[in-house]
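This report refers to the structure that appears directly beneath it.
The values are calculated or read from the model by the stated rules, or taken from the named source; none is laboratory data. Computed from a predicted structure; not experimentally measured. When we count neighbours, we look across all protein chains shown, and the Cβ atoms used for this are built from the backbone with ideal geometry, even at glycine. Heavy atoms of the whole protein, side chains included, go into the accessibility calculation; ligands, DNA and RNA do not. Shrake-Rupley method; radii C 1.70, N 1.55, O 1.52, S 1.80 Å.
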Amino acid sequence: KALEENGIGRPSTYAEILATIQRREYVTRYEKRFKPTELGTVVCDMLVQGFDDLINEQYTAGMEKLLDQIAEGNADRLKEMKAFWKSLKKDLATAGKTIKALKGEGEKTEEKCPQCADGILFTKWGSYGNFLSCGNYTDCK
(Lines give C-alpha, C1' and ligand atoms only; values in the text may rest on other atoms or scores of the structure.)
Protein backbone atom coordinates (compact mmCIF):
# COMPACT_ATOMS: atom_id res chain seq x y z
CA LYS A 1 0.00 0.00 0.00
CA ALA A 2 2.84 2.40 0.88
CA LEU A 3 4.65 1.62 -2.37
CA GLU A 4 1.51 2.39 -4.36
CA GLU A 5 0.83 5.61 -2.42
CA ASN A 6 4.37 6.82 -3.16
CA GLY A 7 4.18 5.96 -6.86
CA ILE A 8 6.76 3.19 -6.61
CA GLY A 9 6.56 0.01 -8.66
CA ARG A 10 3.57 -1.59 -10.26
CA PRO A 11 1.11 -4.07 -8.73
CA SER A 12 2.78 -6.81 -10.78
CA THR A 13 6.16 -6.09 -9.10
CA TYR A 14 5.02 -5.88 -5.48
CA ALA A 15 4.92 -9.64 -4.89
CA GLU A 16 8.47 -10.05 -6.23
CA ILE A 17 9.77 -7.18 -4.07
CA LEU A 18 8.27 -8.76 -0.96
CA ALA A 19 9.53 -12.24 -1.91
CA THR A 20 13.06 -10.89 -2.43
CA ILE A 21 13.32 -9.10 0.92
CA GLN A 22 12.04 -12.24 2.67
CA ARG A 23 14.38 -14.55 0.73
CA ARG A 24 17.37 -12.36 1.63
CA GLU A 25 16.20 -12.39 5.25
CA TYR A 26 15.84 -8.61 5.52
CA VAL A 27 12.33 -9.12 6.95
CA THR A 28 10.23 -11.85 8.50
CA ARG A 29 6.46 -12.21 8.58
CA TYR A 30 5.01 -11.80 12.03
CA GLU A 31 1.25 -11.72 12.63
CA LYS A 32 0.55 -10.93 8.95
CA ARG A 33 3.03 -8.04 8.97
CA PHE A 34 6.61 -7.65 7.88
CA LYS A 35 9.13 -7.11 10.64
CA PRO A 36 12.73 -6.10 9.83
CA THR A 37 15.42 -8.52 10.89
CA GLU A 38 18.69 -7.41 12.46
CA LEU A 39 20.35 -7.96 9.07
CA GLY A 40 17.65 -5.89 7.33
CA THR A 41 18.11 -3.02 9.76
CA VAL A 42 21.91 -3.07 9.42
CA VAL A 43 21.77 -3.20 5.61
CA CYS A 44 19.19 -0.41 5.48
CA ASP A 45 21.25 1.78 7.82
CA MET A 46 24.38 1.21 5.74
CA LEU A 47 22.60 2.02 2.46
CA VAL A 48 21.12 5.21 3.89
CA GLN A 49 24.52 6.13 5.32
CA GLY A 50 26.24 5.81 1.94
CA PHE A 51 23.45 6.50 -0.55
CA ASP A 52 20.94 8.75 1.20
CA ASP A 53 20.09 10.55 -2.04
CA LEU A 54 19.18 7.24 -3.74
CA ILE A 55 17.49 5.44 -0.86
CA ASN A 56 14.28 7.39 -0.54
CA GLU A 57 10.76 7.24 -1.92
CA GLN A 58 10.96 10.50 -3.87
CA TYR A 59 14.06 9.41 -5.78
CA THR A 60 12.58 5.99 -6.60
CA ALA A 61 9.26 7.46 -7.76
CA GLY A 62 11.10 10.08 -9.84
CA MET A 63 13.33 7.43 -11.41
CA GLU A 64 10.29 5.35 -12.34
CA LYS A 65 8.71 8.38 -14.04
CA LEU A 66 11.96 9.05 -15.91
CA LEU A 67 12.18 5.42 -17.04
CA ASP A 68 8.57 5.65 -18.28
CA GLN A 69 9.52 8.80 -20.24
CA ILE A 70 12.48 6.97 -21.79
CA ALA A 71 10.23 4.02 -22.71
CA GLU A 72 7.74 6.40 -24.32
CA GLY A 73 10.52 8.14 -26.28
CA ASN A 74 10.14 11.43 -24.37
CA ALA A 75 13.61 11.39 -22.77
CA ASP A 76 17.07 10.59 -24.11
CA ARG A 77 18.23 7.24 -22.71
CA LEU A 78 21.98 7.87 -23.09
CA LYS A 79 21.82 11.36 -21.60
CA GLU A 80 19.88 10.09 -18.59
CA MET A 81 22.19 7.08 -18.12
CA LYS A 82 25.26 9.34 -18.18
CA ALA A 83 23.68 11.62 -15.56
CA PHE A 84 22.79 8.62 -13.40
CA TRP A 85 26.28 7.13 -13.71
CA LYS A 86 27.94 10.43 -12.81
CA SER A 87 25.82 10.68 -9.66
CA LEU A 88 26.30 7.00 -8.75
CA LYS A 89 30.08 7.21 -9.26
CA LYS A 90 30.22 10.13 -6.82
CA ASP A 91 28.03 8.27 -4.32
CA LEU A 92 30.19 5.13 -4.56
CA ALA A 93 33.34 7.13 -3.83
CA THR A 94 31.69 8.82 -0.84
CA ALA A 95 30.19 5.55 0.44
CA GLY A 96 33.59 3.88 0.32
CA LYS A 97 34.78 6.47 2.84
CA THR A 98 31.68 6.85 5.02
CA ILE A 99 30.16 3.39 5.41
CA LYS A 100 31.56 1.71 8.49
CA ALA A 101 32.77 -1.85 7.84
CA LEU A 102 30.87 -4.48 9.76
CA LYS A 103 33.74 -6.90 9.91
CA GLY A 104 37.00 -6.06 11.59
CA GLU A 105 37.77 -5.03 15.15
CA GLY A 106 34.17 -4.50 16.21
CA GLU A 107 33.03 -2.34 19.09
CA LYS A 108 34.84 -2.65 22.40
CA THR A 109 32.74 -3.49 25.46
CA GLU A 110 33.64 -2.99 29.11
CA GLU A 111 33.44 -6.73 29.80
CA LYS A 112 36.33 -9.09 30.43
CA CYS A 113 36.46 -12.42 28.61
CA PRO A 114 34.96 -15.16 30.84
CA GLN A 115 37.23 -17.80 29.28
CA CYS A 116 40.70 -16.27 29.53
CA ALA A 117 39.85 -13.48 32.04
CA ASP A 118 42.56 -11.42 30.38
CA GLY A 119 40.99 -10.17 27.15
CA ILE A 120 38.33 -7.54 26.60
CA LEU A 121 35.16 -8.58 24.74
CA PHE A 122 34.23 -6.96 21.43
CA THR A 123 30.82 -6.95 19.74
CA LYS A 124 31.32 -8.08 16.16
CA TRP A 125 29.10 -8.85 13.18
CA GLY A 126 29.02 -12.25 11.53
CA SER A 127 26.90 -14.24 9.10
CA TYR A 128 24.34 -14.91 11.82
CA GLY A 129 24.25 -11.46 13.42
CA ASN A 130 26.14 -9.88 16.31
CA PHE A 131 28.36 -11.94 18.57
CA LEU A 132 30.95 -11.39 21.31
CA SER A 133 34.61 -12.06 20.61
CA CYS A 134 37.64 -11.95 22.85
CA GLY A 135 40.27 -9.33 22.01
CA ASN A 136 42.88 -12.09 22.47
CA TYR A 137 41.51 -14.13 19.56
CA THR A 138 43.24 -16.38 18.10
CA ASP A 139 44.91 -17.33 21.39
CA CYS A 140 41.53 -17.33 23.10
CA LYS A 141 38.50 -18.72 21.29
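Tell me whether the range 23-37 contains one or more residues that are part of a helix (DSSP H, G or I), closer than 25 Å to residue 127 by Cα and without any contact (Cβ under 8 Å) to a residue 40 or more places away in the chain.
Yes, there is a match, as at least one residue in the range 23-37 is part of a helix (DSSP H, G or I), closer than 25 Å to residue 127 by Cα and without any contact (Cβ under 8 Å) to a residue 40 or more places away in the chain.
Search the range 1-52 for residues being touching an Asp or Glu at 6+ places or on another chain (Cβ under 9 Å) and over 28 Å from residue 68 (Cβ atoms), and hand back the single one that is least open to solvent (accessible area, probe 1.4 Å).
By that ranking, first place goes to 40.
Any residue at all in the range 65-80 that's in contact (Cβ under 8 Å) with a residue 60 or more places away in the chain and surrounded by 13 or more Cβ atoms within 10 Å (Cβ to Cβ)?
Looking for residues that are in contact (Cβ under 8 Å) with a residue 60 or more places away in the chain and surrounded by 13 or more Cβ atoms within 10 Å (Cβ to Cβ), one finds none in the range 65-80, hence no.
Residue-wise test of (1) within 18 Å of the chain's Cα centre (by Cα); (2) assigned to a loop (DSSP other than H, G, I, E, B); (3) not β-branched (Val, Ile, Thr).
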{"site": "48", "(1), (2), (3)": "yes, no, no"}
{"site": "59", "(1), (2), (3)": "yes, no, yes"}
{"site": "69", "(1), (2), (3)": "no, no, yes"}
{"site": "75", "(1), (2), (3)": "no, yes, yes"}
{"site": "88", "(1), (2), (3)": "yes, no, yes"}
{"site": "96", "(1), (2), (3)": "yes, no, yes"}
{"site": "110", "(1), (2), (3)": "no, no, yes"}
{"site": "122", "(1), (2), (3)": "no, no, yes"}
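With under 30 Å from residue 93 (Cβ atoms) and not in a strand (DSSP E or B) as the only criterion, which of 41, 13 stands out?
So the residue among 41, 13 that is under 30 Å from residue 93 (Cβ atoms) and not in a strand (DSSP E or B) is 41.
Can you tell me which residue is modelled with the lowest pLDDT among those in the range 81-108 that are open to solvent by less than 50 Å² (accessible area, probe 1.4 Å) and farther than 15 Å from residue 137 by Cα?
Across the range 81-108, the extreme among qualifying residues is 99.
Out of 9, 50, report the one residue that is touching a Ser or Thr at 6+ places or on another chain (Cβ under 9 Å), modelled with pLDDT under 90 and closer than 20 Å to residue 125 by Cα.
Exactly one residue qualifies, and that residue is 50.
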